[in-house]
Amino acid sequence: MEATASKEAKPESSGASTEVIVQTNNLSKTYRDFWGRSKVRALNSLDLEVRRGEIFGLLGPNGSGKSTTIKLLLGLLFPTSGQALVFGKEAGDVSKNEKIGYLPEESYLYKFLNAEETLDFYGRLFDMSAEQRKRRVAELISMVKLDWAKRRQLKEYSKGMTRRIGLAQALINDPELIVLDEPTTGLDPIGVREMKDLIIDLREQGKTVLMCSHLLADVQDVCDRIAILHQGELKEMGRVDQLLKVQDVTQIRANKLSREAEEEIRAVIERHGGDLVSMDNPTTTLEELFLSIVNESDERPGLSPASRAGKSSGASGSSGASDSAN
Ligand SMILES: Nc1ncnc2c1ncn2[C@@H]1O[C@H](COP(=O)(O)OP(=O)(O)OP(=O)(O)O)[C@@H](O)[C@H]1O
Ligand SMILES: [Mg+2]
């Protein structure tokens, strides 16, 4: 399998418009038991807005209300109070679902169908012609890289393969809004990177994506804006780049800086009354390192850790110094 190069997650202009696609006002959900007694307050007064063309991430620990929010938006659950609007329509109005693709947390696909039959089945549900279905099914299977397994029954699929066919199913009707509940669950690091690239591609096609995850790296890499939920309450919402910016620190990165140049930089910072926080070689992420090792191994089978050690460390191959100072 070939690891893909990671894509630019957040271009300067994400293409998001101000048109609101998803809106919740004071949305609350309390699950009740068989006797109608309040059991779990899963969501409390949520106010959210997702705009056309953005990738919006719902982030929160297990049980924080992410899946509940998604199910309320799809009309699969009724709110206890408050309102959810999608494309300006009440969430309970199922006609809006024609423009929505949904990848649920748990797969619900028929285990005895193969990938082609599965997608063809969903194409029929959307009244697509035989010709349209044939073209779309082939396109989606190739997009999620399942060509080699398209005739195998889904009961033989691994978790990662099941996630991929789930995404293809969610896209069958070429939806405007794609709702993904934990899209990277069960995927290996290559699959995670590919899934993230597919999500970014969707934004490039002008789609709006609402995804939820408790995996911080996934959300950081692809989302334009996020909302953080905890115990059913909204704790933070904003642009990922703004939320993560360390305001008081300036970072300078350079390639092959000499010792003298480093000394001069230190002196300049001191002269300006700054406080040098760090000046060292940057580390890469484990994801980048893993992908670069798999790529190299694909290109040169038999490469050992010893032969790698002679090469410069770091996935990007850069050996520059990083300087951080205020
Ligand atoms: N059908 C249900 N009946 C009763 N309580 C439920 C039901 N579904 C969810 N809950 C409760 O609602 C709360 C929120 O659950 P939800 O599935 O929305 O969380 P989540 O953020 O998606 O979590 P995870 O990361 O584990 O998927 C939890 O306390 C959960 O136990
Ligand atoms: Mg969930």
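The values are calculated or read from the model by the stated rules, or taken from the named source; none is laboratory data. The model shown is predicted, which means the values in this text are computed figures rather than measured ones. Neighbour counts are summed over all protein chains in view; Cβ atoms, including those assigned to glycine, are modelled from backbone coordinates with ideal geometry.
Of note:
- Unique match (being within 12 Å of ligand 1 (Cβ to nearest atom), surrounded by fewer than 23 Cβ atoms within 10 Å (Cβ to Cβ) and modelled with pLDDT under 95) among 63, 36: 63
- Taken together, 98, 131, 105, 117 contain a single residue that is acidic (Asp, Glu) and in contact with a Ser or Thr (Cβ under 8 Å, 6 or more places away or on another chain), which is 105.
- Within region 47-71, the residues that satisfy the criterion of being under 20 Å from residue 104 (Cβ atoms) and in a strand (DSSP E or B) are 48, 50, 55, 56, 57, 58, 59.
- Among the residues making up region 125-159, those that are within 20 Å of residue 188 (Cα to Cα) and among the basic types (Lys, Arg) are 145, 150, 155, 159.
- Among the numbered conditions (1) of a type in the set (S, T, N, Q); (2) over 30 Å from residue 231 (Cα atoms); (3) at pLDDT 95 or above, the only one that residue 95 does not meet is (3).
- Test result for residue 244, exposed (fewer than 12 other Cβ atoms within 10 Å of the Cβ) and either among the aliphatic types (A, V, I, L, M) or within 30 Å of residue 50 (Cα to Cα) (or both): yes
- Residue pairs meeting the criteria (Cβ under 7 Å; at least 6 apart or on separate chains; first outside the structural domain of residue 163 (by TED's automatic domain parsing) and at pLDDT 90 or above, in region 178-205; second assigned to a helix (DSSP H, G or I) and away from ligand 2 (no atom under 16 Å from the Cβ)): none
- Those residues of region 98-118 which are charged (D, E, K, R) and away from ligand 2 (no atom under 16 Å from the Cβ), in sequence order: 98, 99, 111, 116, 117
- Restricting attention to region 191-218, the residues that are within 16 Å of ligand 2 (Cβ to nearest atom) and either buried (at least 21 other Cβ atoms within 10 Å of the Cβ) or among the small types (Gly, Ala, Ser) (or both) add up to 5.
- Here residue 160 meets the list (1) within 28 Å of residue 26 (Cβ to Cβ); (2) over 11 Å from the mean Cα position of the chain (by Cα); (3) modelled with pLDDT under 90 almost entirely, failing just condition (1).
- Under the condition of being acidic (Asp, Glu) and either within 15 Å of ligand 1 (Cβ to nearest atom) or assigned to a loop (DSSP other than H, G, I, E, B) (or both), the residues counted in region 72-100 number 1.
For every residue, the table says whether it meets (1) closer than 29 Å to residue 95 by Cβ; (2) part of a strand (DSSP E or B); (3) within 16 Å of ligand 1 (Cβ to nearest atom); (4) acidic (Asp, Glu).
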| position | (1), (2), (3), (4) |
| --- | --- |
| 145 | no, no, no, no |
| 151 | no, no, no, no |
| 161 | no, no, no, no |
| 166 | yes, no, yes, no |
| 174 | yes, no, no, yes |
| 180 | yes, yes, yes, no |
| 183 | yes, no, yes, no |
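- Residue pairs meeting the criteria (Cβ under 9 Å; at least 6 apart or on separate chains; first on the phi > 0 side of the Ramachandran plot, in region 70-84; second near ligand 1 (Cβ under 9 Å from one of its atoms) and not in a loop (DSSP other than H, G, I, E, B)): 82/29; 82/43
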